[in-house]
Each structure stands twice: as structure tokens, then as C-alpha cells.
Amino acid sequence: MTTLERDSPRQTIRVDLGARSYPIFIQRNLLECLGKELRKLGRVGKVGIVTDRHLAGRYLKPVNRVLKAAGYTVLPIVFPPGERTKTLRSISTIMNMLVDARFERTSTLLALGGGVIGDLTGFAAAIYQRGIPFVQVPTSLVAQVDSSVGGKTGVDHPKGKNLIGAFNQPRAVLIDPATLTTLPAREWKAGLGEVIKYGVIADEAFFGYVESQIEPILKLEGAVVTHIVKRSCEIKAQVVSEDERESDRRRILNFGHTIGHALESLGGYRGLIHGEAVAIGMIYESDLARHLGLCDEGVVVRLRTLIQAIGLPTSLPQVTFNALWRAMQQDKKVSGGTVYCVLPERIGSVRIVPLEKDATRAWFDATRARPPRRGKNSTTTPRFR
Ligand SMILES: NC(=O)c1ccc[n+]([C@@H]2O[C@H](COP(=O)([O-])OP(=O)(O)OC[C@H]3O[C@@H](n4cnc5c(N)ncnc54)[C@H](O)[C@@H]3O)[C@@H](O)[C@H]2O)c1
Ligand SMILES: [Zn+2]
């Protein structure tokens, strides 16, 4: 048994959103008492467990059992794993199954999986009978530290990611860090990209903690992993509480994402996975900040060194400025044609800055000639095919 599979005391974080407030519980092996937890949340009757095949193979049986033991009628809804499940078609499948099983306004949906399942389930819960309660049980690191908190739900459109959706807050987020023991290493590292992001946008001490704990993190040491999940959730909860619908403050969560999203879309969502693209995005956006005189080179070097030590990719794939700029403009966060980018002033503090095309091109050309300073053992990034 690894230390990440040993029981731990419960940690509770509140997401403060008035009538839509909810708790995040973090506890190793929480999955074993899911039935009791749903009871405490006042849920009764039917529970639809939305999950994917990877998770179903490992967790559906035990989760089914504890829910049934707690008196629930359970409807498993299982999808193929991966982004291709985040479609209106899957929403339609869920609607049909809920209608056939006579789900009511008081029934509950439970999202057991990564961000794909969480986003899909939250949107299904928003629209079935104009809204039924849902509970997040995130199992990937990305979902535990990011997508399960904050109420952004939705699906992709063939023309773009996350184009269809709704803000819909869950009744609770139940995090069992022990589920991370089965997460593939690549997904684990991608999630660490988002963890590093929280340090840069809000908490230098946390960034320092991650720097000092790389080995225990990569070995999935229980207490360290549980701490990074908790601190990330606290920061996300705080930012979301200040700005539920992303009018301003919440945009700081997009650090690394202006370039990151552009790289994902240029690669046709087949090359880099999200957290990897964000890792590269963070390095290059901080280098852009250095070029614009917003931060010193130390920020770029520190960020790059940490990302490299984690084993995430660090260099920009082969791409032209025009293609990159065009892709950056397609981001949903662009307003009135202006690209706004979250840039660091130092580790722990960022600013939202409108980008000028000419200045960005000048930085890009200089960067191509001289990539941001790299440490030893640098990893290479796949080229786009
Ligand atoms: N709503 C938000 O605020 C928000 C924020 C960030 C990302 N997202 C969305 O989240 C999605 C990415 O999330 P993701 O990285 O979790 O992707 P994912 O849901 O596809 O999960 C990644 C892979 O890991 C597997 N997996 C998950 N947990 C596992 C476990 N414990 N053991 C074994 N395998 C496991 C999944 O089956 C899948 O193959 C994207 O669609 C993105 O748009 C949403
Ligand atoms: Zn992200």
C-alpha cells in the first residue's frame, strides 16, 4: 500500500457563493463512504453515476455497492474515455437514460471521473428538467485541482472546445486523493502544470513548496499530494468566490492558457494534452512578460526549471507567429478583438494585460532566435504533425 492509499483526516474548503455555496471535502479513501456522504448532503432516491470506461473498470463496482448499501437506486452511465465524449450527443444519451429511468427533480447526478466527465455531467444536470442537483467526484489531478471547482460546465462543438455550456455549481466536491494512484503518469504531470499555475498567480510560498517537494510529488507521497490538492482548491475556491462568472478576477486562472490553448488548437488537440500545453504557455507568457519589462528573468528561469524538473515539455513547438497569433485570437477570453493575457509581475502575482500585435511579434522573433534560458536536462516538445 502506498502512503497515498492510507486514510487521512478530512479537510474542508468552502466555496462561498451565497445561496450556491458548497463544500469541498478532501480525504483519502472518501470513495468508500460515498453513500453516507450523499445522505449527509440530503440526497435521496435515484443517483446517476456518470463515468468513463477507464474509471468504470476500477471504481464503478465499489461505488455502486456503497450507494446501494446506503439505500440509493443507482443508474450507471458509462462513456468512452477522452475529450471526444464531451459532445451534445453524449448529453442526449444522458437525457434519454434519465427519462427512461424516470429521474425526477430531486434525483442526483454524480460525476465520477476527470474533467471530461465533470464538465459533461454538470451540463447535463443543468438542463435535465431545468436543473437537478449534481455532485463532483473528481478522479484526475486536473479535475481535483481545477475543473470540479467553480461551476463551469459544458461540451465541445466541432468548431471549438467548450463552446456550449452553462455555469452550474455542484452541491459538493468530494475528493479522494487515493484515486490518483491509478492515474497514468502523463495525466498526473499534466495536472501538476495547473498546480504550478496556482503558485504563480497567487502564492509564492506554495510555488516554493512545490519546488522543494518534487521528489515526494513524483513518488505520490500521500501527505504531500493531499496538501497540493488542498492548497490548489483553496486558491481556486477563493478566486471563484470573488468572481463566479469570470467578469474580471477569475481571468487570472488563465495564466499560461492564452498560448496554451493556442498550442492545443494548432495541434488539433492530438499532440499536447492540456496541462502540457499550459506548461509551455506559462514559460512563454512569462518570457513575454520579461520582454515587456513586467518581470525579471528570474521568474522565467524559476518557472522553467520547475516545469522541467517535473518532466513536462518546456519548448515551443515549430509554429509561425501568424499562426500562433491567429490561434491566440480565437480564444474565448478575447474581447473586441483584443487579446488579453495574464502576465506575471513576480511569482505570486499576475496582471491582465492587452497584447499589441507588433510588440508580441518582436518578442516572438527574439525568442525564436534565443529561446528562454533553459536549465540542465531540458525536455523536448513534439513537433506538430
Ligand atoms: N470546468 C472547468 O473549469 C475546467 C477546467 C479545466 C479543464 N476542464 C476540462 O477538463 C477536461 C480535461 O480534464 P482531464 O485532464 O481530467 O481529462 P479526462 O477526463 O479526459 O481524464 C484524463 C484521462 O485520465 C483517465 N482517468 C481519470 N482519472 C483516472 C484515475 N483515477 N485512474 C485512471 N485513469 C483516470 C480518464 O479516463 C482519461 O483517460 C477538458 O475537457 C477541459 O476542457 C474544465
Ligand atoms: Zn487549464
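What follows draws every value from the coordinates through simple rules; no lab data is involved. Only a predicted model underlies this, so the values are computations on that prediction, with no experimental measurement involved. Neighbour counts run over all protein chains shown; Cβ positions are idealised from the backbone, glycine included.
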* Asked: Which residues, counting only those in the stretch 309-329, are in contact (Cβ under 8 Å) with a residue 60 or more places away in the chain and more than 20 Å from the chain's Cα centre (by Cα)?
  -> 309, 315, 316, 317, 318, 319, 324, 327
* **Evaluation of residue 87 against (1) surrounded by 15 or more Cβ atoms within 10 Å (Cβ to Cβ); (2) free of Cβ contacts under 8 Å to residues at least 40 places away in the same chain (one fails), failing number** => (2)
* Determine, yes or no, whether residue 81 is more than 16 Å from ligand 2 (Cβ to nearest atom), within 30 Å of residue 271 (Cβ to Cβ) and touching a residue at least 12 places away in the same chain (Cβ under 8 Å). => yes
* In the stretch 131-148, what residues are buried (at least 24 other Cβ atoms within 10 Å of the Cβ), of a type in the set (Val, Ile, Thr) and more than 12 Å from ligand 2 (Cβ to nearest atom)? -> 135, 137, 139
* Asked: Among the residues of the stretch 292-300, is there at least one that is surrounded by fewer than 18 Cβ atoms within 10 Å (Cβ to Cβ), among the β-branched types (Val, Ile, Thr) and over 20 Å from the mean Cα position of the chain (by Cα)?
  -> no
* Structure fact -> Among helices (runs of 4 or more DSSP H) completely within the stretch 130-228, the ones holding 3 or more residues that are under 26 Å from residue 351 (Cα atoms) are 185-202, 204-212
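Residues to consider are 316, 272, 294; find the one that is within 16 Å of ligand 2 (Cβ to nearest atom) and not in a helix (DSSP H, G or I).
272
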* To do: Output yes when any residue across the stretch 332-354 is under 14 Å from residue 258 (Cα atoms), in a loop (DSSP other than H, G, I, E, B) and touching a residue at least 60 places away in the same chain (Cβ under 8 Å), and no when none is.
  => yes
* Does at least one position in the stretch 150-159 carry a residue that is more than 9 Å from ligand 1 (Cβ to nearest atom), touching a His at 6+ places or on another chain (Cβ under 8 Å) and either closer than 21 Å to residue 331 by Cβ or of a type outside the set (A, V, I, L, M, F, W, C) (or both)? -> no
* Asked: Can residue 110 be described as more than 20 Å from residue 164 (Cβ to Cβ) and within 15 Å of ligand 1 (Cβ to nearest atom)?
  -> yes
* **Residues satisfying the stated conditions in the stretch 113-129, i.e. more than 6 Å from ligand 1 (Cβ to nearest atom) and free of Cβ contacts under 8 Å to residues at least 60 places away in the same chain** => 118, 122, 123, 125, 126, 127, 128, 129
* Structure fact -> Taking first residues from the stretch 135-161 that are farther than 15 Å from residue 241 by Cα and touching a residue at least 24 places away in the same chain (Cβ under 8 Å) and second residues anywhere that are away from ligand 2 (no atom under 12 Å from the Cβ) and of a type in the set (S, T, N, Q), the pairs with Cβ under 6 Å that are 6 or more apart or on different chains are 136/148; 138/144; 138/148; 139/179; 153/168; 155/87
* **Scan of the stretch 109-125 for residues that are part of a strand (DSSP E or B) and either within 16 Å of ligand 2 (Cβ to nearest atom) or over 17 Å from the mean Cα position of the chain (by Cα) (or both), ordered by number** => 109, 110
* Could you check, for the stretch 169-187, whether at least one of its residues is of a type in the set (D, E, K, R) and within 16 Å of ligand 2 (Cβ to nearest atom)? => yes
* The one condition in (1) more than 16 Å from ligand 2 (Cβ to nearest atom); (2) in contact (Cβ under 8 Å) with a residue 40 or more places away in the chain; (3) farther than 27 Å from residue 156 by Cα that residue 200 fails to fulfil -> (1)
